[in-house]
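Have a look at the structure below, then the notes.
No lab work stands behind these numbers, since they all come straight from the coordinates. Computed from a prediction, not measured in an experiment: that's the story for all the values here. Methodologically, a virtual Cβ is constructed for each residue, glycine included, from the backbone with ideal geometry; neighbour enumeration extends over all protein chains shown.
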Amino acid sequence: MADDGEADTGKTIPLAEERLAIARRLIETGRVRVHLSTATEDALVRETLRGERMEVERVALGHEVASAPAVREEEDGAVLVVPVLEEILVVERRLVLKEELRIRRIATNETVEETIPLRRQVASVERLPGAASRSPDAQARPEDGTGDPA
């Protein structure tokens, strides 16, 4: 039997093995159409909304103050008072005697000597005798401007 064992060792027995391969494929089995519609429904909702609004009241005062007042709260913080200031220029007209001008009249006499040119015109008139009279009285005489012959 030992001989048989040696003979079996030389034979190969094939073994079978199964392997699984999975694949997917798309198979159309039918189609669908989807239609959506929206319905509106009214519902009553109650909710309390909190909000604030501001109201500004202008109060004209017209008082003179020495310094700017601070911002303050009144009525337990419900009212905030903000002072509005304005600087104004105060102009006063005062009559101030600044100076006086004193003007005196003083009479003076002063003797002044100065050489100045004086002009004088002297006219001399010469009469020529006419053709009819050639007398010695008809000679030309100078005149001194009075019209009288000299």
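Between LYS98 and VAL65, the C-beta separation translates, for a Förster distance of 30 Å, into a calculated FRET efficiency of about 0.30. Take the Cβ atoms of GLU74 and VAL45, set R0 to 35 Å, and the FRET efficiency comes out at 0.35.
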